[in-house]
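Taking it in order: structure first as structure tokens, then the write-up.
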Amino acid sequence: AHIEALCIVQAIDNGDIDWEADVLAAIHRMSRAKHLITEGLDGLLQWEAKHQAFHRTIARGCGSESLLQIRQSLYERTARYRLMWLRNNMVSEAYFDKNHREHEQLRECVLNRDREQARQLMQHHLQMPSLALENLLS
């Protein structure tokens, strides 16, 4: 969560208008894919690809290849746990809607260039699945 938060702060500082447009396009694609969460594992994986594209698009604005490589490495290491979280949480429409509102808030912070709020939201957004998994595994 800390690396992703660092990425979003640097992206807000460094991202240009093309980056903003890419963020808008990514969240639009993700929101249009809501129906996929009810289509079994394949649907969840398709939605997750759009979800990760949204986060990757935000992070890409940071402009630091080193930071993006660290982020990607951490992402790959958590794939198994993320799938477990998806299968146990995202199939709930209420949980999905809450998650989507968080993405909309992140988009708003990015476009408003609100560094501190974006950092806090990103950390919260990424820590909640970890807490849900801890409960599931205990």
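For the reader, a short list of remarks on this structure follows.
- So Ala94, is it modelled with pLDDT of 95 or more and part of a helix (DSSP H, G or I): no
- Hits in segment 87-108 (condition: over 17 Å from Glu48 (Cβ atoms) and in contact (Cβ under 8 Å) with a residue 24 or more places away in the chain): Glu104, Arg107
- None of Arg119, Arg107 is at pLDDT 95 or above, part of a helix (DSSP H, G or I), within 18 Å of Arg71 (Cα to Cα) and not hydrophobic (A, V, I, L, M, F, W, C) except Arg119.
- Of the residues in segment 60-81, at least one is among the hydrophobic types (A, V, I, L, M, F, W, C) and closer than 16 Å to Gln127 by Cα.
- Considering only residues in segment 63-93 that are in contact with a Leu (Cβ under 7 Å, 6 or more places away or on another chain) and not hydroxyl-bearing (Ser, Thr, Tyr), the one that is surrounded by the fewest Cβ atoms within 10 Å (Cβ to Cβ) turns out to be Arg87.
- When segment 33-54 is filtered for residues that are free of Cβ contacts under 8 Å to residues at least 60 places away in the same chain and either touching a His at 6+ places or on another chain (Cβ under 7 Å) or of a type in the set (D, E, K, R) (or both), the ones remaining, listed by number, are Glu39, Asp42, Glu48, Lys50, Phe54.
- Any hit, segment 4-15, residues being free of Cβ contacts under 8 Å to residues at least 40 places away in the same chain, within 16 Å of His125 (Cα to Cα) and surrounded by 13 or more Cβ atoms within 10 Å (Cβ to Cβ): no
The values are calculated or read from the model by the stated rules, or taken from the named source; none is laboratory data. Because the structure is a prediction, the values reported are computed rather than measured. Methodologically, a virtual Cβ is constructed for each residue, glycine included, from the backbone with ideal geometry; neighbour enumeration extends over all protein chains shown.
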